[in-house]
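First comes the structure, then the notes that go with it.
The values are calculated or read from the model by the stated rules, or taken from the named source; none is laboratory data. Values in this document were obtained by computation on a predicted structure and should not be read as measured data. Every residue, glycine among them, receives a Cβ derived from its backbone with ideal geometry; neighbour counts consider all protein chains shown.
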Amino acid sequence: MEFYSRRARDITPYKAGEQPKGCNFVKLNTNENPYPPSPRVAEAVSAFPCGRLRLYPSPEADDLRDAIARYEGVARENVFVSNGSDEALALAFAAFFDDERAACFADVTYSFYEVFAAMFGAKTQVVPLKEDFTLDIAAMRACPCAGYFIANPNAPTGIAVSAGEMEKFIASAPDRLFVLDEAYAEFSGETCVPLIKKYPNLAVIKTFSKSHSLAGIRCGYAVGAPALIEGLLRMKNSFNSYPVDAVCAAACAAALADGEYHEKTVRLVTKERERLRGELEKLGFFVPPSGANFLFAGRARLPAGEIYRRLKEEGVLVRHWDRPRISDFCRITVGTPHDDDILLEKLKKIFA
Ligand SMILES: *Cc1c(COP(=O)(O)O)cnc(C)c1O
């Protein structure tokens with residue numbers, strides 16, 4: 001402690017979900033994809049010429065940038081690649097917000113936003129979600145701020161704002177920056193990426209961690225107007241010149257090239273999400289409709305904290321937060337039908 005900076009002393013770091021070793025758990029706690037990445041990823045990694053690791057990679061991962069640009073229907077200048085989308089989000093705080101430019105976000109959302117704000121000294125404005133956990137757009141619009149961080153679909157609720165409604169919000173505040181965190185957008189079937197051509201105040205952040213089944217590789221990206229991408233590059237190049245390694249870039253480009261596989265796994269997960277939601281409701285949970293690969297299940301016969309603990313004893317990991325408004329909910333990642341059946345069986349046992 002005596003050697004810590006004030007910042008290191010004062011900050012409360014983000015707490016990621018448990019990653020138990022030697023995983024005998026049915027692991028439904030960190031929204032990983034239950035299916036492996038496309039077989040083309042394994043091919044790209046085994047075919048990677050390791051002699052090339054002698055050299056530094058492309059600083060902006062330009063080949064991957066081009067692959068993402070093709071996939072998203074934009075130009076290379078509209079794409080910024082990062083070490084996980086968390087890094088793009090962090091650099092967005094650094095590039096666009098400070099003690100005078102406040103960042104506004106919901107009270108119940110990705111809890112990393114408040115940590116990044118503290119890390120980079122950004123002022124924050126926290127606007128509560130409505131009673132039903134939907135985004136209070138009118139209150140956010142009325143909030144004095146320089147811009148917004150909005151997870152859409154939101155985490156941990158899974159609730160999505162439609163692209164049409166989001167566009168109205170973006171158009172209503174052209175002097176404010178919108179950073180949309182679309183980590184789960186593939187599971188909702190909607191994205192605001194095409195809007196970046198119309199709105200220079202919009203950056204959309206996406207990840208390879210969820211729908212592409214590549215959480216272990218650490219890669220994400222931002223899409224936006226060139227001026228916004230330049231802002232992110234300024235910060236990246238003041239911190240880490242090569243955040244995306246060459247093997248990672250090749251693997252992620254291979255994943256993008258296999259659109260058929262991606263669509264197939266997304267379809268499996270969303271179909272299973274609807275089945276699991278129905279079964280959880282039958283067990284007495286309140287479960288808002290989800291546009292993500294997880295469900296937010298609560299207000300059941302036992303307190304959520306107790307359900308979390310009992311499930312863990314039974315070998316099933318879900319996520320629970322002791323935070324206001326959400327302490328009576330568990331966030332449950334959609335697994336394979338087999339894993340979800342184990343979850344449901346254990347819940348029935350706990351409730352019996
Ligand atoms: C999982 C997640 C991310 C992605 O994190 P990575 O660093 O890309 O693995 C970003 N935002 C939200 C809301 C998430 O749940």
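For residue 148, the conditions (1) part of a loop (DSSP other than H, G, I, E, B); (2) of a type in the set (Ser, Thr, Tyr); (3) farther than 18 Å from residue 334 by Cα all hold with the exception of (1). Contact map, the stretch 92-118: residues that are within 22 Å of residue 139 (Cα to Cα) paired with residues that are among the polar types (S, T, N, Q) and away from the ligand (no atom under 15 Å from the Cβ), Cβ distance under 7 Å, separation 6+ or inter-chain. Pairs shown: 102/124; 102/125; 103/124; 104/125; 114/124; 117/124.
Selection of the stretch 206-228 for residues being of a type in the set (Val, Ile, Thr) and more than 8 Å from the ligand (Cβ to nearest atom) yields 217, 223. If a residue must be part of a loop (DSSP other than H, G, I, E, B) and either small (Gly, Ala, Ser) or within 24 Å of residue 188 (Cβ to Cβ) (or both), how many such residues does the stretch 282-322 contain? Going through the stretch 282-322 one residue at a time, the tally reaches 14. The residues in the stretch 186-205 that are part of a strand (DSSP E or B) and either within 16 Å of the ligand (Cβ to nearest atom) or not assigned by TED's automatic domain parsing to the domain that holds residue 152 (or both) can be counted, and the count is 3.
The residues listed here are 172, 211; of these, the one that is of a type outside the set (D, E, K, R), in contact with a helix residue (DSSP H, G or I) (Cβ under 7 Å, 6 or more places away or on another chain) and farther than 28 Å from residue 253 by Cβ is 172.
Contact map, the stretch 158-171: first residue more than 19 Å from residue 145 (Cβ to Cβ), second residue among the basic types (Lys, Arg) and assigned to a helix (DSSP H, G or I), Cβ cut-off under 9 Å, separation 6 or more or different chains; pairs are 158/273.
Of all residues in the stretch 323-347, those that are of a type in the set (S, T, N, Q), surrounded by fewer than 16 Cβ atoms within 10 Å (Cβ to Cβ) and either under 13 Å from residue 294 (Cβ atoms) or touching a residue at least 40 places away in the same chain (Cβ under 8 Å) (or both) total 1.
Among the helices (runs of 4 or more DSSP H) confined to the stretch 16-125, the ones with at least 2 residues that are more than 18 Å from the chain's Cα centre (by Cα) and closer than 27 Å to residue 325 by Cβ are located at 112-119. Here are 297, 254: which of them is of a type outside the set (Asp, Glu), within 24 Å of residue 217 (Cβ to Cβ) and modelled with pLDDT of 95 or more? The match here is 254.
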